[in-house]
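Have a look at the structure below, then the notes.
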Amino acid sequence: MRGYVARRLGYSMISLFLLSVTIFTIIRMTGDPALLLVGPGGRPEDMERVRVDWGLDRPWTEQYVSFVRNVARGDFGTSFQYRIGVRDLYFERLPNSIWLAFWAFTVSLLIGIPLGIITAVKVDTVWDTASKVIAMLGLSIPGFFVGLVMIIVFAVGLRWLPAAGTGTPLHVVMPALALGWYFAASMLRLTRSSMLEVLDSEYVKLARLKGIPEKFVIVKHAFKNALIPVLTLAGINFVILINVAVIIETIFAWPGIGRLLYEGISLRDFPVVQGVVVMAGVMTLGVNLIVDLLYAVIDPRIRYS
């Protein structure tokens with residue numbers, strides 16, 4: 001187990017290195033932030049002074065090495081626009097994103113997993129057809145469209161829910177539903193396909209021949225063994241919900257990580273974009289490692305040598 005964890009940590013460091021180089025390069029292709037920092041009509045000498053102040057006049061390699069050294073100390077730089085540390089900005093917005101992601105993730109689990117199990121057990125029935133339609137709509141209709149429709153219906157028309165912002169439990173209802181809509185559909189399809197594969201296995205057929213009640217066969221034998229791919233998708237989805245819910249958080253003016261990333265890209269705030277992406281990468285790799293270790297708990301046949 002220790003050797004496996006050590007290898008995974010080594011691969012994670014390589015992945016983070018490649019991620020940091022990629023985002024460090026791409027964000028600098030978006031333009032010169034000095035143009036936005038100085039403002040329209042700024043003099044060339046003012047722009048050059050801004051570049052010098054923020055270290056943007058140095059060579060790319062020198063900027064990147066400085067960035068890596070600072071990250072190793074836990075310093076992700078200072079935001080061009082907010083004039084405060086990126087790490088402080090990130091953790092200031094993180095609770096809002098976790099709160100939204102928790103409810104969106106709950107929506108996806110409550111819809112996706114039960115419907116996936118039902119459609120696998122009742123294959124080629126009305127339940128199966130209805131769930132296929134739900135999955136198709138969830139994967140084809142963008143979440144931002146669902147969010148805009150809900151704003152028009154429930155906020156503008158019926159005035160049941162607030163259209164944007166935070167502050168009360170009602171504020172999270174529409175963004176959570178709009179954000180969890182797509183992930184519920186993907187969870188439904190994966191659960192269904194995984195359950196169908198397991199239900200056709202020999203040990204499930206043997207359990208039924210032994211006279212074990214059907215509900216125990218489905219829950220204890222089938223679903224437990226079908227849970228591994230579902231768990232993998234759930235872990236990845238949760239990280240995505242926290243860090244990259246850019247459009248939904250922007251539509252509902254939700255002060256989370258996704259909106260912070262959008263602001264950083266729009267304002268060419270290099271430190272914000274770099275810091276958010278790298279920290280999202282760290283979270284993704286950490287969750288994937290935890291999920292891999294949970295495999296052995298779910299399925300005793302899996303061992304790490």
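The values are calculated or read from the model by the stated rules, or taken from the named source; none is laboratory data. Since the model is a prediction, treat every value here as computed from it, not as a measurement. Cβ placement follows ideal geometry from the backbone for every residue including glycine, while neighbour counts extend to all protein chains displayed. Surface accessibility is based on the protein's heavy atoms, side chains included, excluding ligands, DNA and RNA. Shrake-Rupley method; radii C 1.70, N 1.55, O 1.52, S 1.80 Å.
Search the range 1-22 for residues that are touching a residue at least 12 places away in the same chain (Cβ under 8 Å) and pair each with any residue that is surrounded by fewer than 11 Cβ atoms within 10 Å (Cβ to Cβ) and not acidic (Asp, Glu) when their beta-carbon atoms are under 8 Å apart and the residues are at least 6 apart or on different chains. The qualifying pairs are GLY3/SER305; TYR4/SER305. The set of residues in the range 151-188 that are under 22 Å from the mean Cα position of the chain (by Cα) and of a type in the set (A, V, I, L, M) comprises ALA164, VAL172, VAL173, MET174, ALA176, LEU177, ALA178, LEU179, ALA184, ALA185, MET187, LEU188.
Restricting the range 137-148 to residues that are assigned to a helix (DSSP H, G or I) and in contact (Cβ under 8 Å) with a residue 40 or more places away in the chain leaves a set whose member that is surrounded by the most Cβ atoms within 10 Å (Cβ to Cβ) is GLY138.
Here is a yes/no grid of residues against (1) of a type in the set (A, V, I, L, M); (2) in contact with a Pro (Cβ under 6 Å, 6 or more places away or on another chain); (3) over 28 Å from GLY143 (Cβ atoms):
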| site | (1), (2), (3) |
| --- | --- |
| GLU197 | no, no, yes |
| VAL204 | yes, no, yes |
| PRO213 | no, no, yes |
| ASN225 | no, no, yes |
| ILE248 | yes, yes, no |
| TRP254 | no, yes, no |
| TYR262 | no, no, no |
| ARG268 | no, yes, no |
| ASP292 | no, no, yes |
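A count restricted to the range 86-115 and to residues that are open to solvent by 10 Å² or more (accessible area, probe 1.4 Å) and more than 28 Å from SER193 (Cβ to Cβ) stands at 10.
With respect to the conditions (1) open to solvent by less than 20 Å² (accessible area, probe 1.4 Å); (2) modelled with pLDDT under 85, ALA184 lacks only one, and its number is (2). A single member of LEU241, LEU261, LEU231 is open to solvent by 30 Å² or more (accessible area, probe 1.4 Å) and not small (Gly, Ala, Ser), and it is LEU231. When TYR203 is tested against the conditions (1) outside any helix (DSSP H, G or I); (2) surrounded by fewer than 16 Cβ atoms within 10 Å (Cβ to Cβ); (3) aromatic (Phe, Trp, Tyr), the lone failure is (1). Close contacts from the range 159-170, counting a first residue that is under 16 Å from LEU148 (Cβ atoms) and without any contact (Cβ under 8 Å) to a residue 40 or more places away in the chain and a second that is open to solvent by 40 Å² or more (accessible area, probe 1.4 Å) and assigned to a loop (DSSP other than H, G, I, E, B), with Cβ to Cβ under 8 Å and a gap of 6+ residues or different chains, come to PRO162/THR168. Residues in the range 58-117 that are more than 30 Å from THR166 (Cβ to Cβ), among the small types (Gly, Ala, Ser) and at pLDDT 90 or above: SER66 only. Restricting PHE238, PHE223, PHE216, PHE252 to those that are under 15 Å from the mean Cα position of the chain (by Cα) and among the aromatic types (Phe, Trp, Tyr) reduces the list to PHE238.
Would you pick out the residues in the range 116-136 that are in a helix (DSSP H, G or I), open to solvent by 40 Å² or more (accessible area, probe 1.4 Å) and within 26 Å of HIS221 (Cα to Cα)?
At the first step, the residues of the range 116-136 found to be in a helix (DSSP H, G or I) are 116-121, 126-136.
Of the ones still in play, those that are also open to solvent by 40 Å² or more (accessible area, probe 1.4 Å) are 118, 121, 126-127, 129-130, 132-134, 136.
Scanning the range 116-136 gives ILE118, VAL121, VAL126, TRP127, THR129, ALA130, LYS132.
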